[in-house]
Each structure stands twice: as structure tokens, then as C-alpha cells.
DNA sequence: GTCAAGGATTGATAAATGTCAATCAAGGAA
DNA sequence: TTCCTTGATTGACATTTATCAATCCTTGAC
């Protein structure tokens, strides 16, 4: 792949401060692929041969056990995913599948580790990324262990609203079946949870959500930056 | 603190490969403290001023929200904790409290970050530690989302047995109230779960657990390295 | 030894959540 | 357009888990 093909990669926090030559070397070994929707990119337990960078489209990260499946996260452009497995040279803990058509850069894990060893700026960026990812998963664990499914939904909606710039109405980023799995509940339970939140001014129309009275919903949801602020 | 006082710190993966001079500088700013049981070491939301290294005793890491509390992890010697907050220079996401008398080294976070910038070997070790911690939390999330409380207990017992060297009987490392919280259930539910596992050869006598037929318990628990192997 | 305190267990009951089945609604293909 | 597929919703019911209260048991202080 030509190093200057995708300036948005270079602009990512992870690559922004790399030495120019290093970045070029890394990109020379990388390649871009286009995938249709519903394609398995990664399976749990496989060796982590590539660091993935999502340029376009949506990807879901999920895990399975004993015939059950749960959605752990979704990624939107431009983000890397499964960095920890790449760094540890350990098997993937999650599977990844495209939700839409997607354009993805694949960087050989070996090259990433080599660049890490050679470029202090890159090393710093990787650590920042990992520490942030770590904290993000811890927040998610607190969400799961300390809150009921109704409380999780309420706080999820407040987070999404924030992401949408604080507007009173916004679209869910994917279907409700996936949202239910992400929040650790069944679609039926989610459907009933939405109905319960009507009492706090939440209205839905398909995938569109309107929050009538944010303060009222917050009184119920009790959002907390140490759980719900997914940026620090 | 005198740098050579505690060779077990130097032996930790995190510090093992540091340059000698760097390690000494780091230790000069550090100090050791002894704490009685049940002492709050860290509160959620506080700035992360120190990286902690547990030399002796047991420490619990927990989180609270809306009057509820949940145990997220316990640490045993010799381990560091809350590395991610130190690296990010962000507030603690968990609180920490001694469970027993404990001896702890406190290293100013600023010094850790300086050492990280100056010593590539230390940087590598930090990344390895973070990536491992990250993966460990992901495994825990899978455990929580994919398994019932009974299945979580069964797999927990198999992990503890493994840690005890595979012996058929071993002691729980702390009381059942804490174990229940760690597994995300109430003490009453845990008590009943232990009773249910009698059908699979699990016997308890206070804090002592005996696994009569490991293969039988495994048939029920279906342990999976991508969830239960907490070392890779 | 006795006693007090806290954890563990048990029983009864309630609440939360999941399952199954049926129906409904929306969107894409022809 | 019409049909068909898939996701969403609803109702009835089962299961899991929590709550509350009582009792039991262990352990440590005296």
C-alpha cells in the first residue's frame, strides 16, 4: 500500500506522532481490503496476524461460548481494533464481523511490534490507546455489574444523545437486536425497557429516539463520569 | 526508599528489564507503607498520584454506584495495581481497600511516566502489562455476559483449583460474601449455587472446597481458555 | 469457658429477566 | 405494486436472581 494513500490513518492518535520513515515502512507492508456486509473478519482464538484499521463502514466485535453469542462493542471509522492481541501476540479474544460494506487496512502484527520497539513516539501512542481501552472495558464492567438492564439502557441513551451533540432526538447506530445484546439483555426485554422509559419522557419511532426531558431521564439514570464518560 | 530494599519489586516483570539507574531513580522517590486491615487506600474519582505495588497482604478493588458496591478484583503479592490510571494520568476508576494487614510501595505516578518516556525496556513492560490487564478484563466481561451465575461459580472453582496446583481440595482466598460480589451475585444466591454444584461433585466445608470429579464438573462448566485462562 | 458479632445458610416471597409463540411492521426484490 | 424476509413487539409463562427475615455457625474478646 502507498503510504500517503490514506491521510486519515496518519491522522489517527496512534500513528500521528510516528517518525515519517517508520510510518512509511509500516504502510508498505499493509494493504486495504473491501468487504461486503456480514463477513467474518476475525474468529475467536485465531492468532492475531493483523492489526485492523477501519476506514469506512461499521464492524461489530462479539464473543461466543457454549452456543451463545454476545456483542461486546462496535467500531466506527476511523479506529483500530484488537490492538491488545497484536501487542501480546496472543489469540483474538473477540470475533469481528462487518455490519455494512467496509474498507479496512490490515497491518501485519509483526510490523506493528517492530515499529513499537523502534519508535518511542509510537510506543507512547500504543500505551495511551491500550490504557484508554482498558479503562473503557472497566467502565463497561461497572455498568454491567452495578446497574439493572433498565438503568443501562437509560444511561446508554444519554451517552448516545451526548455523542449526537446533545440534540433531543437521534438515531440508534444499529438495530435493536444488536443493542439488546450489547446491553446484555434479550430483544424482548429491551422492547419492554423502552416502554418503561416512556415514563421518563423517552419516545421511540423505529430506530429514532427522542428524549423529551433530559433532566428527568438523568434523575432516573444517574449517569456517572466514572462509568459513562467513555473518552477519558 | 533504598532501591535494593525489596528485590521482589525488581523481580516483577514490570521492572525486571529496566536500566539499573532508572530503577534506582524510580525507587528513590517511592516509599513503603504498612496498613492495617479494612483501610481505604484509594477512592474512585481521585487523581492517580501513585502507582501501588502490593508486597504483602491482600487488597480488594471495588466500585460503587448509587449506593451499590461490587468487587471487581483482588490482588495478591507481588502485583502492581491501577497502572492504567497512572499512565493516562486520569482519575481512579476503582477504589482499593486492604483486606488484611498489607505492605505497599507507593511510586509517584509522575516518576512512572517519566521513566516510561526515558526507558524503552520499561515502556515495553508497561505495554505488556496493560495489554494483559486489558485482555483479562475482556475475559471477565465474556464470563459475565455469556454465563449464568452457576456457570460462573463452576468455572471460578476450576480456575482456583488450577491455581492451587490442580489439587482436588483448596481454600477459597476470601470469604463467600466477597466471592459472591466478585461473581456478580448475592451471598444467598452463592450459597444456593454451591448446593446446586453438589450434583457435580463439589463439596464445601466452610472456606474449603473439594472437587470430587473434575471431569464431571468440567462437563457442566465447559471452561474455555479464551475466558478462563487468565495468564495469556 | 461464655458471650457477642458477623458471616453463612435456609425458607418464603418478590422482582427481574429470559423463553416461546404469535403477530405486526418495515424495507427490499422482483 | 406485491410478496417475502427480517426485525420488532406483545402476551403468557418459566427461570433466574434478589430481597427479607430468621436461624445457625464460627470465631474472637474477655
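Would you point out the residue of segment A:109-132, among those that are buried (at least 20 other Cβ atoms within 10 Å of the Cβ) and more than 30 Å from residue A:224 (Cβ to Cβ), that is nearest to the other protein chains (Cβ to nearest Cβ)?
Per the criteria, the residue is A:123.
Taking interchain pairs and intrachain pairs at least six residues apart, which have beta carbon atoms under 6 angstrom, with the first residue in segment A:219-231 and touching a residue at least 60 places away in the same chain (Cβ under 8 Å) and the second surrounded by fewer than 16 Cβ atoms within 10 Å (Cβ to Cβ) and not in a helix (DSSP H, G or I)?
Short answer, once both residue conditions are applied: A:222/B:66; A:226/B:45.
Looking at the structure I just gave you, is residue B:47 within 14 Å of chain A (Cβ to nearest Cβ) and closer than 30 Å to residue A:223 by Cα?
Criteria met by residue B:47.
Considering only segment A:182-205, I want to know if a residue exists there that is in a strand (DSSP E or B), within 24 Å of residue A:99 (Cα to Cα) and outside the structural domain of residue A:70 (by TED's automatic domain parsing).
Among the residues of segment A:182-205, at least one is in a strand (DSSP E or B), within 24 Å of residue A:99 (Cα to Cα) and outside the structural domain of residue A:70 (by TED's automatic domain parsing), which makes the answer yes.
If you scan segment B:77-95, which residues turn out to be under 14 Å from residue B:44 (Cβ atoms), touching a strand residue (DSSP E or B) at 6+ places or on another chain (Cβ under 8 Å) and part of a loop (DSSP other than H, G, I, E, B)?
Passing the criteria: B:82, B:92, B:93, B:94.
Just to be sure I understand, how many residues within segment B:206-223 are on the phi > 0 side of the Ramachandran plot and within 14 Å of DNA strand D (Cβ to nearest atom)?
Count: 1.
Would you check if residue B:98 is within 16 Å of DNA strand C (Cβ to nearest atom) and buried (at least 19 other Cβ atoms within 10 Å of the Cβ)?
Spelling it out, residue B:98 is indeed within 16 Å of DNA strand C (Cβ to nearest atom) and buried (at least 19 other Cβ atoms within 10 Å of the Cβ).
Considering only segment B:78-95, state which residues are farther than 18 Å from residue A:141 by Cβ and in contact with a helix residue (DSSP H, G or I) (Cβ under 8 Å, 6 or more places away or on another chain).
B:78, B:80, B:86, B:87, B:89
Which of the following residues is closer than 23 Å to residue B:34 by Cβ and in the same structural domain as residue B:28 (by TED's automatic domain parsing): B:71, B:93, B:106?
So the residue among B:71, B:93, B:106 that is closer than 23 Å to residue B:34 by Cβ and in the same structural domain as residue B:28 (by TED's automatic domain parsing) is B:106.
Only one of (1) away from every other protein chain (no Cβ under 13 Å); (2) loosely packed, with under 14 Cβ neighbours inside 10 Å; (3) at pLDDT 95 or above; (4) within 16 Å of DNA strand C (Cβ to nearest atom) fails for residue B:148. Which number is that?
Checking residue B:148 against (1) away from every other protein chain (no Cβ under 13 Å); (2) loosely packed, with under 14 Cβ neighbours inside 10 Å; (3) at pLDDT 95 or above; (4) within 16 Å of DNA strand C (Cβ to nearest atom), the one that fails is (1).
Across segment A:207-232, what is the total count of residues that are under 29 Å from residue B:63 (Cβ atoms), part of a loop (DSSP other than H, G, I, E, B) and more than 14 Å from every other protein chain (Cβ to nearest Cβ)?
1
Examine segment B:62-70 for a residue that is away from every other protein chain (no Cβ under 14 Å) and either buried (at least 18 other Cβ atoms within 10 Å of the Cβ) or over 25 Å from residue A:136 (Cβ atoms) (or both), and state whether such a residue exists.
No, there is no match, as no residue in segment B:62-70 is away from every other protein chain (no Cβ under 14 Å) and either buried (at least 18 other Cβ atoms within 10 Å of the Cβ) or over 25 Å from residue A:136 (Cβ atoms) (or both).
Could you list all residues from segment A:34-44 that are out of contact with any helix residue (DSSP H, G or I) (no Cβ under 6 Å at 6 or more places or on another chain) and surrounded by 12 or more Cβ atoms within 10 Å (Cβ to Cβ)?
Correct list: A:34, A:35, A:37, A:39, A:41, A:42, A:43.
As an exercise: evaluate residue A:204 against (1) within 12 Å of chain B (Cβ to nearest Cβ); (2) modelled with pLDDT of 95 or more and give the number of the one condition it does not meet.
(1)
Among the candidates A:28, A:97, single out the residue that is over 20 Å from residue B:226 (Cα atoms) and without any contact (Cβ under 8 Å) to a residue 60 or more places away in the chain.
Sole residue among the options that is over 20 Å from residue B:226 (Cα atoms) and without any contact (Cβ under 8 Å) to a residue 60 or more places away in the chain: A:28.
Are any residues in segment B:181-219 closer than 29 Å to residue A:140 by Cβ, within 9 Å of DNA strand C (Cβ to nearest atom) and surrounded by fewer than 16 Cβ atoms within 10 Å (Cβ to Cβ), and if so, which ones?
Result: B:186, B:187, B:188, B:189, B:191, B:192.
Only one of A:180, A:128 is modelled with pLDDT under 95 and under 19 Å from the mean Cα position of the chain (by Cα). Can you tell me which?
From the options A:180, A:128, the qualifying one is A:128.
Could you grab me the full set of residues in segment A:133-145 that are in contact (Cβ under 8 Å) with a residue 24 or more places away in the chain and at the interface with chain B (Cβ under 7 Å from one of its Cβ atoms)?
If the condition is that a residue be in contact (Cβ under 8 Å) with a residue 24 or more places away in the chain and at the interface with chain B (Cβ under 7 Å from one of its Cβ atoms), then A:133, A:135, A:139, A:142, A:144 are the ones that fit.
Answer with yes or no whether residue A:24 is outside the structural domain of residue A:186 (by TED's automatic domain parsing) and surrounded by 18 or more Cβ atoms within 10 Å (Cβ to Cβ).
Here the answer is no, as residue A:24 does not meet what is asked.
For residues that are within 19 Å of residue A:230 (Cα to Cα) and away from DNA strand D (no atom under 15 Å from the Cβ), scanning just segment A:161-194, find the one that is farthest from the other protein chains (Cβ to nearest Cβ).
The qualifying residue farthest from the other protein chains (Cβ to nearest Cβ) is A:167.
Going through segment B:96-108 one residue at a time, which ones are more than 14 Å from chain A (Cβ to nearest Cβ) and either in contact with a helix residue (DSSP H, G or I) (Cβ under 7 Å, 6 or more places away or on another chain) or part of a strand (DSSP E or B) (or both)?
Once the filter is applied, which keeps residues that are more than 14 Å from chain A (Cβ to nearest Cβ) and either in contact with a helix residue (DSSP H, G or I) (Cβ under 7 Å, 6 or more places away or on another chain) or part of a strand (DSSP E or B) (or both), segment B:96-108 yields B:97, B:98, B:102, B:103, B:104, B:105, B:106, B:107, B:108.
The values are calculated or read from the model by the stated rules, or taken from the named source; none is laboratory data. Keep in mind it's a predicted model, so treat the numbers as computed, not measured. When we count neighbours, we look across all protein chains shown, and the Cβ atoms used for this are built from the backbone with ideal geometry, even at glycine.
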